[in-house]
Amino acid sequence: MPAKVVILSVGDAQYPQDTLGSVITSVREGVASLTSAEVVGAYTIMDDKDADLVASEVSEKVFDAIIVSFVSWHITPYVMRTLKNYRDKPILVWGIGGWTDASGKLIAPAAAAGTTALVPLLKEMGYRYMVLNQKPNEALRLQTVELFLYTVGAVQAVHHSRIGLFGYADMGLFSCSYNKTLAFEKLGVDIEDYSAYDLVHHMASFSDEAVAEAVADIKRKTVFENTIKDETIAKVARLYLVMQGKKNQRGLDAVPSSVFTA
């Protein structure tokens, strides 16, 4: 799922704003083009006034991650006025490299200096962050940004998932046990437990026609290395139908099971 992202383009008002503005535009357009990103807000912070305004506007957004794009040197407290409220959000600190103009002169507004002023603070305060500093004249490393946002999206998908678990702690094996509270605390996964009896009981409720259709589907999609009796495949089909039915009924994202039917 695409990650909802806020882009904070940060720099300093003393630098030529038209020059920085072109870099800001290219960064925003690049991020918006990624399939892993849903940009819900893009803001510029160059001075104290911007800092107050952006902090207020971002507070009204719902998002999963923040990209702090340094286009020049930046006074750290300005951007921290927003970031201080989002210690739980993953942050990409992205320093944009300089460029060589038509005369061969290197234009380098010290974006990397801005990132090195911010990163130690994020580390000390326990933020979750990734740093991307680009070289002068280097094309935007959008693949790296996309990988970051894919990871954020995957975390959000897990965090909001619901899982149905059949046959918990099968045979009392230690390896089949888990700490439900810890799973919810660390991952946010909502796990619903269903008894093996419930599963086996409902396996008999499906018509022969429905089972035959499921068996045919299994045979179409499966490469068998050994000969398996049709009645065995039919039991697997009934098991699948029960689990699929529960998944649809409860709106589950996954249905693991430690119950085996032979």
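The values are calculated or read from the model by the stated rules, or taken from the named source; none is laboratory data. Given the structure is predicted, the values throughout are model-derived calculations rather than measurements. Cβ sites come from the backbone with ideal geometry, for glycine too, and all protein chains shown count toward neighbours. Note: areas computed on protein heavy atoms with side chains; ligands, DNA, RNA excluded. Shrake-Rupley method; radii C 1.70, N 1.55, O 1.52, S 1.80 Å.
Put the Cα centre of the range 20-72 next to the Cα centre of the range 184-229 and the gap is 46 Å. Charge tally around LEU53: other residues with Cβ under 14 Å, Lys/Arg +1 each, Asp/Glu -1 each, net -3.
Using the Cβ-Cβ distance between LYS84 and HIS201 with R0 set to 41 Å, the FRET efficiency from 1/(1 + (r/R0)^6) comes to roughly 0.15.
Per-residue surface analysis assigns TYR240 an accessible area of about 110 Å², computed on protein heavy atoms at 1.4 Å probe radius.
Can you say what percent of the DSSP beta bridges in the chain, counting only those with both residues inside, are antiparallel? Round to 5. Here the antiparallel bridges make up roughly 5 percent for the chain. Between helix 142-159 and the chain, what is the angle of the helix's C-alpha long axis to the longest principal axis, kept within 0 to 90° and rounded to the nearest 10? That works out to roughly 40 degrees. For the chain, the fraction of 1.4 Å probe accessible surface lying on carbon and sulfur atoms is 57 percent.
Taking a ≥ b ≥ c as the square roots of the eigenvalues of the Cα gyration tensor of the range 58-182, is the shape rounded (a/c under 1.5), prolate (a/b larger than b/c) or oblate? Prolate. The simple Förster model, with R0 at 30 Å and r as the Cβ-Cβ distance, assigns ALA102 and GLN14 a FRET efficiency of 0.80. Compared with the alpha-carbon gap, the fully stretched path from THR35 to SER59 is longer by 6.2 nm at 0.36 nm per residue.
Measuring between alpha carbons in the structure, the pairs from LYS4/LYS89; LYS61/LYS84; LYS4/LYS135 lying more than 22 angstrom apart are LYS4/LYS135. Computed over the chain with a Gaussian network model linking Cα atoms closer than 10 Å, the most mobile of VAL58, VAL39, VAL236 is VAL236.
In the chain, Rg over Rh equals 1.18, where Rg is the alpha-carbon radius of gyration and Rh the Kirkwood radius from pairwise Cα distances. Taking every protein chain into account, the accessible area of the chain amounts to 56 square angstrom per residue (probe 1.4 Å). Placing +1 on each Lys and Arg Cβ and -1 on each Asp and Glu Cβ, with no other charges, gives the chain a dipole about its Cα centre of roughly 360 debye. Working from Cα pairs under 8 Å separated by at least six residues, relative contact order for the chain is 17 percent. Note down the net charge around MET130, summing +1 for each Lys or Arg and -1 for each Asp or Glu among other residues with Cβ under 13 Å from its Cβ. My count for the surroundings of MET130 gives +3. Ranking PRO120, TYR194, GLN134 by Cα position along the charge dipole of the chain, where only Lys, Arg, Asp and Glu carry charges on their C-beta atoms, puts PRO120 farthest toward the positive end. The slack between THR222 and ASN179, meaning 0.36 nm per residue of separation minus the straight C-alpha distance, is 12.0 nm.
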